[in-house]
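S.K.: Before we start, here is the structure in question, set down as structure tokens.
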Amino acid sequence: MQKMTRVMMKKVKTMIWRRSKQICTVSLEILTLSSEFEYSDDEDMTWKVRKASIAVLKAEVLAHPESDRVRSSIMPKLISRINEREENVRLSVMSALDQIIACHKEGMGEIP
């Protein structure tokens, strides 16, 4: 019984990990695409999507700080969004970067 439970838990963790990677990929694409379009302030509601994407990426980094994906794609994308024109999103980027750096300092030492 315990062996079956362990096997099932391993399968569930694998499924969650795969979905997590897919969600992060979509979030990275959203941040990339949103920087290519210009909207007037009246019609721009995309800041909500960008802010949610940043929250997803921050959660991924905090959940898996040892991942190479953090250094190769997530951190550079967050850093590129520091000049975000929408203040809500810019504050989310700064908060995410602050928490990610603090997490790395505590658990893994300095970010190379």
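S.K.: If I filter the stretch 64-79 down to residues being part of a helix (DSSP H, G or I) and at pLDDT below 80, which single residue comes out as surrounded by the most Cβ atoms within 10 Å (Cβ to Cβ)?
M.R.: Restricting attention to the stretch 64-79, the residues satisfying the condition of being part of a helix (DSSP H, G or I) are 68-79.
Pick out the ones that are also at pLDDT below 80 and you get 68-72.
On the way: Asp68: 8, Arg69: 17, Val70: 21, Arg71: 13, Ser72: 9.
Ranking the candidates gives Val70 first.
S.K.: Tell me which residues, restricted to the stretch 15-57, are at pLDDT below 70 and either outside any loop (DSSP other than H, G, I, E, B) or under 19 Å from Arg69 (Cα atoms) (or both).
M.R.: Pass one, the stretch 15-57, residues at pLDDT below 70: 15-17, 34-44.
Within the stretch 15-57, Met15, Ile16, Trp17, Ser34 meet the criteria.
S.K.: For Met94, indicate whether it is surrounded by fewer than 18 Cβ atoms within 10 Å (Cβ to Cβ), over 21 Å from Leu33 (Cβ atoms) and without any contact (Cβ under 8 Å) to a residue 24 or more places away in the chain.
M.R.: Criteria met by Met94.
S.K.: Now for a different question. Of (1) assigned to a helix (DSSP H, G or I); (2) modelled with pLDDT under 80; (3) under 18 Å from the mean Cα position of the chain (by Cα), Met4 satisfies all except one. Which?
M.R.: (3)
S.K.: Among all residue pairs at least 6 apart or on different chains, which show Cβ distances below 6 Å where the first residue, located in the stretch 41-65, is within 19 Å of Asn83 (Cα to Cα) and the second is of a type in the set (D, E, K, R) and at pLDDT 80 or above?
M.R.: Trp47/Glu86
S.K.: What is the number of the single condition among (1) within 12 Å of the chain's Cα centre (by Cα); (2) of a type in the set (A, V, I, L, M); (3) at pLDDT 80 or above that Ile82 does not meet?
M.R.: Going through (1) within 12 Å of the chain's Cα centre (by Cα); (2) of a type in the set (A, V, I, L, M); (3) at pLDDT 80 or above one by one, Ile82 breaks only (1).
S.K.: Ok, one more. For the stretch 95-111, check the following and say yes or no: at least one residue is in contact with an Asp or Glu (Cβ under 9 Å, 6 or more places away or on another chain) and of a type in the set (Lys, Arg).
M.R.: no
The values are calculated or read from the model by the stated rules, or taken from the named source; none is laboratory data. These figures come from a predicted structure and were not determined experimentally. Don't worry about glycine lacking a Cβ; one is built from the backbone with ideal geometry, like all the others, and counts go over all protein chains shown.
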